[in-house]
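J.: I have a structure I would like to understand better, so I am pasting it below and will then ask my questions one at a time.
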Amino acid sequence: MLNRLPNTATVEEVSASLKEHGYVIIDELASPEMMNKIAAEMEPHILSTPFGEDSFLGAHTQRSGAMIARSETSRELIMNPLVIGVAGKHLQSASTFQLHLTQVITVNPGAPAQVLHQDQLAWDFFPFPDDFEVQCNTLWAMTDYTAENGATRIVPGSQYAGVKQNYAPEAGVPAVMKKGSVLLYTGKIYHGAGANQSDGVRQAINITYAVGWVRQEENQYLSTPLEVARTLPDDLLKLMGYQCGCFAMGYVRDFEDPLAYLKGSTERRSSGFNALSKTANVSSVEYVKALG
Ligand SMILES: O=C(O)CCC(=O)C(=O)O
Ligand SMILES: [Fe+2]
């Protein structure tokens, strides 16, 4: 039995559970209608998405990204208050956190199981310390998740196993859950898509968040055209990376603030652009002082 909480759980409860287990399922956090809406908005893009190019990405699996540009409804899911609250707590050792990637993962019938892995391997297998959380991830079930249709598999207790462990496929336990439920998991827990032995697709919305000073897996600046970005709310833009990821990380030209720059102003980096940040708006003097 995997670790799970009801959709009435608080940010504190979910955060404590994620910290303890390295993953937690929240049952039916989003409505099936919302999942259907996102599915409909993404459908034309999913239909034209190629299959993966290697066994990790999956020869029967499609990954359709750029969700902010392609699906208006996904923007609400990305900003889900419970998830944003948990991501903020989980990544609190950094000054800011940011969106890392958005994609619908369609596991088609006949897909074999994906290798069990840690998502933080994306940063060149850097061995992040056990007590440093670089990433907070979600997989929202866009279809029901069953053991037969390729529900993501979790290796309970694997979060401190370190990099490049080879778990046997049987070590993975399927995260069976209903459409609209979400699997939250850290960058450290070993997991992978299950084999799809059913005759229907298994679809999930993978939205991940990372500390503000790493490179994002999905390039948010190029995935959302600037004319679309200029219509988005500031909180979402800051999450996409239109704010400094910490002192001086991501400024434009003469230390201008990226959000102000996007909107045609030349405001400086240090002027109030960090709703999701604890320290990115401190002045350089304060920042250097904080370094001791
Ligand atoms: O599709 C899934 O169930 C998991 C996919 C995954 O873990 C990944 O692509 O990193
Ligand atoms: Fe993964």
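J.: Return only the number of the condition from (1) closer than 25 Å to L239 by Cβ; (2) in contact (Cβ under 8 Å) with a residue 60 or more places away in the chain; (3) out of contact with any Leu (no Cβ under 8 Å at 6 or more places or on another chain) that D124 does not satisfy.
T.: Condition (2) is where D124 drops out.
J.: Taking the stated definitions as given, is N36 at pLDDT 95 or above, farther than 23 Å from P129 by Cα and not in a loop (DSSP other than H, G, I, E, B)?
T.: So N36 passes the test.
J.: Based on what the data block shows, is T102 in contact with a Gly (Cβ under 7 Å, 6 or more places away or on another chain), within 16 Å of ligand 1 (Cβ to nearest atom) and assigned by TED's automatic domain parsing to the domain that holds P44?
T.: Yes.
J.: If I ask for residues that are buried (at least 20 other Cβ atoms within 10 Å of the Cβ) and among the aliphatic types (A, V, I, L, M), which ones from region 152-175 would you list?
T.: Residues satisfying the conditions are I154, V155, A175.
J.: Please name all residue pairs, on different chains or six or more residues apart, with Cβ atoms under 6 Å, provided the first residue is in region 182-200 and is of a type in the set (D, E, K, R) and the second residue is within 11 Å of ligand 2 (Cβ to nearest atom).
T.: K188/Q118
J.: Among the residues of region 157-192, which ones are aliphatic (A, V, I, L, M) and either closer than 20 Å to E28 by Cα or at pLDDT below 95 (or both)?
T.: Across region 157-192, the qualifying residues are V163, V173, A175, V176, M177, V182, L183, L184.
J.: Right, something else. In the list N166, N196, which residue meets the criterion of being within 11 Å of ligand 1 (Cβ to nearest atom), farther than 29 Å from K89 by Cα and in the same structural domain as T61 (by TED's automatic domain parsing)?
T.: N196
J.: Ok, one more. Please state which of the following conditions S158 fails to meet, knowing it meets all the rest: (1) closer than 22 Å to T102 by Cα; (2) out of contact with any strand residue (DSSP E or B) (no Cβ under 6 Å at 6 or more places or on another chain).
T.: (1)
J.: Residues that are without any contact (Cβ under 8 Å) to a residue 40 or more places away in the chain and surrounded by fewer than 15 Cβ atoms within 10 Å (Cβ to Cβ): does region 82-95 have at least one?
T.: no
J.: Could you please find all residues in region 106-136 being within 12 Å of ligand 2 (Cβ to nearest atom) and either in a helix (DSSP H, G or I) or surrounded by fewer than 24 Cβ atoms within 10 Å (Cβ to Cβ) (or both)?
T.: Result: V115, L116, H117, D119, Q120, L121, A122.
J.: Does Q114 fit the bill of being farther than 14 Å from G187 by Cβ and either in the same structural domain as H21 (by TED's automatic domain parsing) or of a type in the set (A, V, I, L, M, F, W, C) (or both)?
T.: For Q114, the condition - farther than 14 Å from G187 by Cβ and either in the same structural domain as H21 (by TED's automatic domain parsing) or of a type in the set (A, V, I, L, M, F, W, C) (or both) - is met.
The values are calculated or read from the model by the stated rules, or taken from the named source; none is laboratory data. Everything numeric in this text was worked out from a predicted model, so none of it was measured. Here Cβ is always computed from backbone atoms with ideal geometry, including for glycine, and neighbour counts include all displayed protein chains.
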